[in-house]
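The values are calculated or read from the model by the stated rules, or taken from the named source; none is laboratory data. Here the structure is a predicted model, which means the values were calculated and not measured. Cβ: placed from backbone, ideal geometry, glycine included. Neighbour counts: every protein chain shown. With ligands, DNA and RNA removed, areas are computed over all heavy atoms of the protein, side chains included. Shrake-Rupley method; radii C 1.70, N 1.55, O 1.52, S 1.80 Å.
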Amino acid sequence: MIPCDVVYYRPGTLMEAYEAYRLLQIEGKKPLYYAGGSEIITMSRAGSIRPSAIVDIKRIPECMLLSANDEGLHIGSACTLNQIKESRLFPLLGSSCGRIADHTNQCRITLGGNLCGTIIYRETSLPLLLSDARVSLFGSQGMRTVPFQSVFHGRMRLKPSEVVVQIHVPGWALKAPFFHVKHTTNEKIDYPLVSAAALWKDGNMRIAFSGLCSYPFRSSKIEAVLNDWSMPVSARVDKAAELLPEEPYSDVEGSGEYRLFVLKNMLHALLEDYTNGKI
Amino acid sequence: MVRYEGKTVITLNVNGQPHEVMVRPADLLLDVLREQLGLTGAKPGCKNGDCGACTVIIDGWPAKSCLVLAVEAEGHVILTVEGLEGKAPIQKSFVKDNAFQCGYCTSGFLMVCHALQMQHPDMPEEHVIEEWLQSNICRCTSYQEIRRAVHGMYNNKGL
């Protein structure tokens, strides 16, 4: 068991979920929206969090949707990483999902949970930052759909009681050339030293990183340098490494200096592969 | 809307049978299986989702039962190692290939391998097998034998 008493809600509609969450907050409770639950259970067990109520969104049809049409791909927030990967509908996102935790946990961890959790890496955000994705949120004003980049700044910035319902990825991104790599210190299944995702649109590379700094990010300055073909590869790589939005992250997995070393090697390989037509 | 607070009786579908259990919302599926249903095949290891000793199959996919609340398992089809009844091809293959030493991780590995066969009736590519097996840890390091047993499950159907 997890060492705290929680009240469990299983709504069947978005309005039920939102109302339950809102009323719990008014009552002074500490509710959490709950999907895969991996992080909530492990952190509760460790005593890092003590939710007093959880609102399980897995039986809400909108949150379970996974379909593609002429407009693109629509992914419910309660879809698991494994469902997204197995669908093969967005290969870059599938590749990111396939490197988070292990396979069995990928069958539980959800897209919404990875984006909204407290673990800093949030690697599923990288393909969404690159692909002009939009996100549907349900809150006090009903449903609103906004650019993903407008509500994701290192982490999701939601309004009180708001819940992530769906992610929408435009059709062009599903077929665009891409690159994804995740470097870890030792084991394949681990948090990233540097995780990078790149997507090409109209010949220009877009690139986003996780593990490199204390939050995932996409940088237009780094993209401008890496797309400047007037400079040699090594110069572009060195220049890009100077443009991080903050000091490189340093922890037991690797120092900031080592992360920069890994980044430069990775960017070298990426640009060489692209130059040689391997991407 | 379903709402559970305090002790509640729910019905879990385990190994093809409905079982009434009394749970709190904070109770883990692993603990309920072991302590209320006496299904001790799912083992508590790390209880942190890392080791895989507690793996069961929910709706055809492997799940670490230490990371599932009993209340959220309501309405789903749960299969534990006891539900294999010693007849699954992977069980016979494990015996044939000596794919265990102390045996503590075995039930978790069996469930992952059985789920692999449910989802991939024909032998998948090697990287798929490796990916599925990486979800579990064997501290006796029987990994080569376990992988051989998976191949045996497909090649010999466990016979």
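Can you name every residue in the stretch A:83-125 that is among the β-branched types (V, I, T) and either closer than 14 Å to A:I167 by Cβ or within 13 Å of another protein chain (Cβ to nearest Cβ) (or both)?
Residues satisfying the conditions are A:I84, A:I100, A:T104, A:I109, A:T110, A:I119, A:T124.
For the stretch A:145-180, what are the residues that are open to solvent by less than 30 Å² (accessible area, probe 1.4 Å) and polar (S, T, N, Q)?
Scanning the stretch A:145-180 gives A:S161, A:Q166.
State yes or no: is A:G28 within 21 Å of the chain's Cα centre (by Cα) and of a type in the set (G, A, S)?
Values: within 21 Å of the chain's Cα centre (by Cα): no; of a type in the set (G, A, S): yes.
Considered against the rule, which asks whether it is within 21 Å of the chain's Cα centre (by Cα) and of a type in the set (G, A, S), A:G28 comes out as no.
Applying the selection to the stretch A:33-76, what residues are away from chain B (no Cβ under 13 Å), among the polar types (S, T, N, Q) and open to solvent by 50 Å² or more (accessible area, probe 1.4 Å)?
The answer is A:N69, and nothing else.
When you scan the stretch A:24-32, do you find a residue that is at the interface with chain B (Cβ under 8 Å from one of its Cβ atoms) and over 15 Å from B:Y4 (Cβ atoms), even just one?
Scanning the stretch A:24-32 turns up no residue that is at the interface with chain B (Cβ under 8 Å from one of its Cβ atoms) and over 15 Å from B:Y4 (Cβ atoms).
Given A:S230, A:S234, A:S255, A:S195, which one is farther than 24 Å from A:F152 by Cβ, touching a His at 6+ places or on another chain (Cβ under 9 Å) and among the small types (G, A, S)?
Sole residue among the options that is farther than 24 Å from A:F152 by Cβ, touching a His at 6+ places or on another chain (Cβ under 9 Å) and among the small types (G, A, S): A:S234.
Counting residues that are of a type in the set (F, W, Y) and without any contact (Cβ under 8 Å) to a residue 60 or more places away in the chain, which helices (runs of 4 or more DSSP H) fully inside the stretch A:46-152 reach at least 1? Let's see the steps before the verdict.
Numbers: elements: A:61-64, A:81-87, A:91-97, A:103-106, A:111-116, A:125-130, A:148-151.
Because the criterion is at least 1 residues that are of a type in the set (F, W, Y) and without any contact (Cβ under 8 Å) to a residue 60 or more places away in the chain, the helices (runs of 4 or more DSSP H) in the stretch A:46-152 that meet it are A:148-151.
Would you say A:E16 is more than 24 Å from the chain's Cα centre (by Cα), at the interface with chain B (Cβ under 7 Å from one of its Cβ atoms) and open to solvent by 10 Å² or more (accessible area, probe 1.4 Å)?
So A:E16 fits the description; yes.
Could you list all residues from the stretch B:129-150 that are of a type outside the set (D, E, K, R) and touching a helix residue (DSSP H, G or I) at 6+ places or on another chain (Cβ under 8 Å)?
The answer is B:I129, B:W132, B:L133, B:Q134, B:S135, B:N136, B:C138, B:Y143, B:I146, B:A149, B:V150.
Where residues in the stretch B:3-33 are aliphatic (A, V, I, L, M) and touching a residue at least 60 places away in the same chain (Cβ under 8 Å), which of them is surrounded by the fewest Cβ atoms within 10 Å (Cβ to Cβ)?
Applying the first criterion (aliphatic (A, V, I, L, M)) to the stretch B:3-33 yields B:9-10, B:12, B:14, B:21-23, B:26, B:28-30, B:32-33.
Cutting the leftovers down to touching a residue at least 60 places away in the same chain (Cβ under 8 Å) gives us B:10, B:12, B:14.
Numbers: B:I10: 18, B:L12: 23, B:V14: 23.
It comes out as B:I10.
Please enumerate the residues belonging to the stretch A:213-227 that are surrounded by 14 or more Cβ atoms within 10 Å (Cβ to Cβ) and among the basic types (K, R).
Residue satisfying the conditions is A:R218 alone.
When the stretch B:13-46 is examined, which residues are found to be more than 17 Å from B:E72 (Cβ to Cβ) and within 14 Å of another protein chain (Cβ to nearest Cβ)?
Answer for the stretch B:13-46, where residues must be more than 17 Å from B:E72 (Cβ to Cβ) and within 14 Å of another protein chain (Cβ to nearest Cβ): B:R34, B:E35, B:P44, B:G45, B:C46.
Quick check on the stretch B:83-103. Is at least one of its residues within 14 Å of chain A (Cβ to nearest Cβ) and among the hydrophobic types (A, V, I, L, M, F, W, C)?
No, the stretch B:83-103 has no match at all.
So which residues in the stretch A:228-279 are open to solvent by 80 Å² or more (accessible area, probe 1.4 Å), touching a Pro at 6+ places or on another chain (Cβ under 9 Å) and among the charged types (D, E, K, R)?
Result: A:E257, single match.
Condition (residue is open to solvent by 20 Å² or more (accessible area, probe 1.4 Å), aliphatic (A, V, I, L, M) and closer than 17 Å to A:C97 by Cα) applied to the stretch A:198-212: is it met by at least one residue?
no
Can we say A:E257 is more than 22 Å from the chain's Cα centre (by Cα), of a type outside the set (A, V, I, L, M, F, W, C) and over 22 Å from A:D132 (Cβ atoms)?
Yes, satisfied.
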